[in-house]
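Input: a single structure, listed below in C-alpha cells.
The values are calculated or read from the model by the stated rules, or taken from the named source; none is laboratory data. These numbers come from a predicted model, not from an experiment. Using ideal geometry, Cβ is built from the backbone for each residue, glycine included, and neighbour counts are taken over all protein chains shown.
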Amino acid sequence: MKISKTLIGLALAAGFVGAQAQTVLKIGYATSKESHYGVGSTVFCDEVEKGTQGRYKCQHFANSALGGEREQIEAVQLGTQDLVNTSTGPVGNFVPEVKIVDIPFLFRDYDHARKVMDGPIGQDILTKFPSKGIIALGWTENGFRHMTNSKRDIVKPADAAGLK
C-alpha cells in the first residue's frame, strides 16, 4: 500500500511538472552578445530550451548588465541570478582550486589545455564548486598564455623577467 501511494504521488507530481509555465533563466556575462561568451551562451541556452521542450528559456544580460564577473558569481550563489559565463580569474576567490589553471604557460597548446580541463583534473576541479554554493557545468575557452604589460611582448616565461 505504501508503494502505491508513493507511485500515485510521483505520478501526480509528474503531471504538475508537465503543466508548469515556462521558466526564464537569467544568464549574464561581461562581454557583448556577439562575443565568444555571448555566442556560447546563446548556443547553450538554445540547447536548454530544445532539451526541455521550451519549459526553460534564457534572458541574456550582456556587457556586465548584472554587474562584474565577481558580482555575478555572488548573485548565482545567492540565487538572484541563474547562470554566469565567466573567466576563471574571479572564480578562484570562491573556489581556490581554480587558481591553478591561471598559471601562465601551464598548457603547451590548446589541445593540451582541452585534454587537461576535459579530463580527470578539470572534472575534479568542477566537483569543488557545490560546497561553495555554485554548480559548474563545464569549462569554456577564453585563451591561455595571455599576459599583458606596457613594456614588451611575452612569448616565453623568461620574457616576464623584470616586469612588475
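Would you say Asp153 is among the acidic types (Asp, Glu), assigned to a helix (DSSP H, G or I) and out of contact with any strand residue (DSSP E or B) (no Cβ under 8 Å at 6 or more places or on another chain)? Full working, then the answer.
Working: among the acidic types (Asp, Glu): yes; assigned to a helix (DSSP H, G or I): no; out of contact with any strand residue (DSSP E or B) (no Cβ under 8 Å at 6 or more places or on another chain): yes.
When the stated conditions are applied, Asp153 does not pass them.
Mind checking which residues of the range 45-60 are touching a Leu at 6+ places or on another chain (Cβ under 8 Å) and in a helix (DSSP H, G or I)?
Correct list: Cys45, Val48.
I'm trying to understand the selection: among the residues of the range 42-70, which are of a type in the set (Asp, Glu) and either in contact (Cβ under 8 Å) with a residue 60 or more places away in the chain or surrounded by fewer than 15 Cβ atoms within 10 Å (Cβ to Cβ) (or both)?
Asp46, Glu47
Listed here are the residues, each with its yes/no results for (1) touching a Phe, Trp or Tyr at 6+ places or on another chain (Cβ under 6 Å); (2) under 16 Å from Ile100 (Cα atoms).
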position: Tyr110; (1), (2): no, no
position: Ala113; (1), (2): yes, yes
position: Asn142; (1), (2): no, yes
position: Val155; (1), (2): no, no
position: Asp159; (1), (2): no, no
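What number of residues within the range 128-150 are exposed (fewer than 11 other Cβ atoms within 10 Å of the Cβ) and assigned to a helix (DSSP H, G or I)? Break it down into steps so the answer makes sense when it comes.
Step one: filter the range 128-150 for residues exposed (fewer than 11 other Cβ atoms within 10 Å of the Cβ), giving 131, 135, 137-138, 143, 146, 148, 150.
Of the ones still in play, those that are also assigned to a helix (DSSP H, G or I) are 131.
Number of matching residues: 1.
What is the one condition in (1) part of a strand (DSSP E or B); (2) at pLDDT below 95; (3) among the charged types (D, E, K, R) that Asp111 does not satisfy?
Asp111 satisfies every listed condition except (1).
Which pairs turn up if I take residues in the range 125-151 that are assigned by TED's automatic domain parsing to the domain that holds Pro96 and look for partners that are surrounded by 15 or more Cβ atoms within 10 Å (Cβ to Cβ) and modelled with pLDDT under 85 with beta carbon separation below 6 Å, at least 6 apart in sequence or on another chain?
Met147/Ile154
Do we find a residue being part of a helix (DSSP H, G or I) and modelled with pLDDT under 95 anywhere in the range 61-69?
no
Would you check if there is a residue in the range 98-105 being surrounded by fewer than 10 Cβ atoms within 10 Å (Cβ to Cβ) and either of a type in the set (Val, Ile, Thr) or in contact (Cβ under 8 Å) with a residue 24 or more places away in the chain (or both)? If you could, list the steps in order and put the result at the bottom.
The first filter runs over the range 98-105 and keeps only residues surrounded by fewer than 10 Cβ atoms within 10 Å (Cβ to Cβ), leaving 103.
Those left that are additionally either of a type in the set (Val, Ile, Thr) or in contact (Cβ under 8 Å) with a residue 24 or more places away in the chain (or both): 103.
Among the residues of the range 98-105, at least one is surrounded by fewer than 10 Cβ atoms within 10 Å (Cβ to Cβ) and either of a type in the set (Val, Ile, Thr) or in contact (Cβ under 8 Å) with a residue 24 or more places away in the chain (or both), which makes the answer yes.
Being farther than 13 Å from Gly28 by Cβ, within 13 Å of the chain's Cα centre (by Cα), among the hydrophobic types (A, V, I, L, M, F, W, C) and not in a loop (DSSP other than H, G, I, E, B): is that true of Val91 here?
Taking the combined requirement at face value, the residue satisfies it.
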